[in-house]
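> So that we are looking at the same thing, I have put the structure below in structure tokens.
The values are calculated or read from the model by the stated rules, or taken from the named source; none is laboratory data. Since this is a predicted model, take the numbers as computed values, not measurements. Cβ: placed from backbone, ideal geometry, glycine included. Neighbour counts: every protein chain shown. Only protein heavy atoms, including side chains, enter the accessible area calculation; ligands, DNA and RNA are left aside. Shrake-Rupley method; radii C 1.70, N 1.55, O 1.52, S 1.80 Å.
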Amino acid sequence: MVKVNEDYLKLRGSYLFSTVGKKEREFLAAHPDRRVIKLSIGDVTQPLVPAIIEAMHKAVGEMADEKTFRGYAPDLGYEFLRNAVMENDYKARGCEIAADEIFISDGAKSDSGNIQEIFSKDCKVAVCDPVYPVYVDTNIMAGRTGVFDETTETWSNVIYMPCIAENNFAPMIPKETPDLIYLCFPNNPTGSTITKAQLQEWVDYANKVGAVIIYDAAYEAYISEEDVPHSIYECEGARTCAIELHSFSKNAGFTGVRLGYTVIPKDIKCGGVMLHSLWARRHGTKYNGAPYIIQRAGEAVYSLEGQAQLKKQVAYYMENAAYILNGLKDAGYSVSGGVNAPYIWLRTPNDMTSWQFFDYLLENANVVGTPGSGFGPSGEHYFRLTAFGNHENTLEAIRRIKEL
Ligand code: MLT
């Protein structure tokens, strides 16, 4: 008789944002008269900028003509986009990455979930705690589990690196040596960052112990301070130990459009095998490439007009971030993030658990956020708000929270 993949049964509950969404829907069903403001999942609210819309319209037109029509996209991505990424995100920053080390995909969520497939099931995985749940869930699904600890609800093959207020929400090198290290900076969910010198320590460590860093740079466009690296390849030696993930969702509003890319330098080898070849093999077998229209939209992100328009869009969300950060500070909350990232991380008042605060806020202010404990044990007693709402809703949400 057919059996299910039992590793899936080791997952606890639903995916975090599905649980949050379900609770919000239940609340609305019970209170249809309330106007609930959603500052939970990091989903954008501002429309695609004109340069991107124009590029998409043009590409749609090409698809309507036999002479310019495109079928399957190259599975690693069109050269026009890989070159634009290479020139703008790497060469312009002095990073040595070639266009054929860039793999275009349908977004960083799929890549961050799928990348673990090219590593052995025996790998030990280190994650920041709190952490974007996709990294942990996908490793559990793949059987990187070990022994379950009932108290912390964690698996022994996943090493949690606490990111707490005392260390500015930055991870410390773990006692146990991991094989895979997931880092995300600017961080989701805490909004914290590390300096280039701190990131260099991770690169040196990974090279020393033979680990691979999976560096999620999805929020790079929100960096406003000097000395915060935009790419791990700004660090010396990263070409031999780091894979980098990028998204077009947050810098260009592509959450519903879907586009991302992953960089795997040809210098990273595990047991003599190039990870680049394995990922290319996987991509070739399992993926038919991001759609042409969407890749043209991605190219427009790097045009002069696109860049100018997107700078304004990022600034729009960062105005929300500053408003939330300062508003909550005024209201006496202990808050961080929101300076180089569109997330604000706050300590729950009166020692409430994250979920108690979730219910309290939903009930009394009709505002939905994300409970910190959903991101990992060290997220307990914390709460995340996103700056991706529109101005009007953000101002109203903070007004309501201040009134509590
Ligand atoms: C988040 O809210 O953490 C993100 O929007 C989730 C995602 O990008 O998949």
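> Please go through segment 138-178 and give me each residue that is more than 21 Å from the chain's Cα centre (by Cα), in a loop (DSSP other than H, G, I, E, B) and over 23 Å from TYR205 (Cα atoms), ordered by number.
Those that are more than 21 Å from the chain's Cα centre (by Cα), in a loop (DSSP other than H, G, I, E, B) and over 23 Å from TYR205 (Cα atoms): GLY143, THR145, GLY146, VAL147, GLU150, THR151, THR152, GLU153.
> Quick check on segment 98-132: of everything there that is away from the ligand (no atom under 16 Å from the Cβ) and open to solvent by less than 10 Å² (accessible area, probe 1.4 Å), which residue is nearest to ASP267 (Cα to Cα)?
GLU101
> Here is a list of conditions, (1) open to solvent by 60 Å² or more (accessible area, probe 1.4 Å); (2) on the phi < 0 side of the Ramachandran plot, and GLY94 meets all of them except one; can you say which number that is?
(2)
> Within segment 13-61, take every residue that is of a type in the set (Phe, Trp, Tyr) and within 16 Å of the ligand (Cβ to nearest atom) and give me the one that is nearest to the chain's Cα centre (by Cα). Write out each step before concluding.
Residues of segment 13-61 that are of a type in the set (Phe, Trp, Tyr), as a first pass: 15, 17, 27.
Okay, now just the ones that are also within 16 Å of the ligand (Cβ to nearest atom), so 15, 17.
Numbers: TYR15: 15, PHE17: 13 Å.
Taking the candidates together, the pick is PHE17.
> With the condition kept exactly as written, say whether any residue in segment 187-195 is away from the ligand (no atom under 16 Å from the Cβ), farther than 21 Å from LEU385 by Cα, open to solvent by less than 40 Å² (accessible area, probe 1.4 Å) and in the same structural domain as LYS109 (by TED's automatic domain parsing).
Scanning segment 187-195, I find no residue that is away from the ligand (no atom under 16 Å from the Cβ), farther than 21 Å from LEU385 by Cα, open to solvent by less than 40 Å² (accessible area, probe 1.4 Å) and in the same structural domain as LYS109 (by TED's automatic domain parsing), so the answer is no.
> For GLN309, state whether it is away from the ligand (no atom under 16 Å from the Cβ), at pLDDT 95 or above and either in contact with a helix residue (DSSP H, G or I) (Cβ under 6 Å, 6 or more places away or on another chain) or not in a helix (DSSP H, G or I) (or both).
Yes: the conditions hold for GLN309.
> Same structure again: Restricting segment 133-153 to residues that are touching a helix residue (DSSP H, G or I) at 6+ places or on another chain (Cβ under 7 Å) and within 15 Å of GLY379 (Cα to Cα), which is surrounded by the fewest Cβ atoms within 10 Å (Cβ to Cβ)?
Initial filter on segment 133-153 (touching a helix residue (DSSP H, G or I) at 6+ places or on another chain (Cβ under 7 Å)): 133-135, 138-143, 145, 152.
Among the residues that remain, those that are also within 15 Å of GLY379 (Cα to Cα) are: 133, 152.
On the way: PRO133: 18, THR152: 12.
Filtering segment 133-153 for residues that are touching a helix residue (DSSP H, G or I) at 6+ places or on another chain (Cβ under 7 Å) and within 15 Å of GLY379 (Cα to Cα), the one surrounded by the fewest Cβ atoms within 10 Å (Cβ to Cβ) comes out as THR152.
> Select from segment 254-266 the residues that are open to solvent by 10 Å² or more (accessible area, probe 1.4 Å) and either in contact (Cβ under 8 Å) with a residue 24 or more places away in the chain or over 19 Å from TYR292 (Cβ atoms) (or both) and list them in ascending order. Don't jump to the end; show me each part of the working.
Initially, segment 254-266 is screened for residues open to solvent by 10 Å² or more (accessible area, probe 1.4 Å), giving 255-258, 266.
Within segment 254-266, THR255, VAL257, ARG258, LYS266 meet the criteria.
> While we're looking at this one, here's another question. For segment 212-263, name all the residues that are in a helix (DSSP H, G or I), farther than 23 Å from ILE173 by Cβ and among the polar types (S, T, N, Q).
Within segment 212-263, SER249, ASN251 qualify.
> With respect to the numbered conditions (1) hydrophobic (A, V, I, L, M, F, W, C); (2) in the same structural domain as LYS311 (by TED's automatic domain parsing); (3) over 25 Å from GLU380 (Cβ atoms), which one is the sole condition not fulfilled by VAL20?
(3)
> So, one more: In this structure, does ALA300 turn out to be within 21 Å of GLY61 (Cα to Cα) and among the aliphatic types (A, V, I, L, M)? Give the steps one after another, and end with the answer.
Working: within 21 Å of GLY61 (Cα to Cα): yes; among the aliphatic types (A, V, I, L, M): yes.
Against the criterion (within 21 Å of GLY61 (Cα to Cα) and among the aliphatic types (A, V, I, L, M)), ALA300 qualifies.
> Scan (1) exposed (fewer than 14 other Cβ atoms within 10 Å of the Cβ); (2) at pLDDT 95 or above for the single condition TYR15 breaks and write down its number.
Checking TYR15 against (1) exposed (fewer than 14 other Cβ atoms within 10 Å of the Cβ); (2) at pLDDT 95 or above, the one that fails is (2).
> I'd like to check something: does segment 364-379 contain any residue that is touching a Phe, Trp or Tyr at 6+ places or on another chain (Cβ under 6 Å), at pLDDT 95 or above and hydrophobic (A, V, I, L, M, F, W, C)?
Checked segment 364-379: no residue is touching a Phe, Trp or Tyr at 6+ places or on another chain (Cβ under 6 Å), at pLDDT 95 or above and hydrophobic (A, V, I, L, M, F, W, C).
> Could you list, in sequence order, all residues of segment 363-399 that are of a type outside the set (A, V, I, L, M, F, W, C) and either not assigned by TED's automatic domain parsing to the domain that holds TYR317 or not in a helix (DSSP H, G or I) (or both)?
Within segment 363-399, the subset of a type outside the set (A, V, I, L, M, F, W, C) is 363-364, 366, 369-374, 376-382, 384, 386, 389-394, 396, 399.
Scanning segment 363-399 gives ASN366, GLY369, THR370, PRO371, GLY376, GLU380, HIS381, TYR382, ARG384, THR386, GLY389, ASN390.
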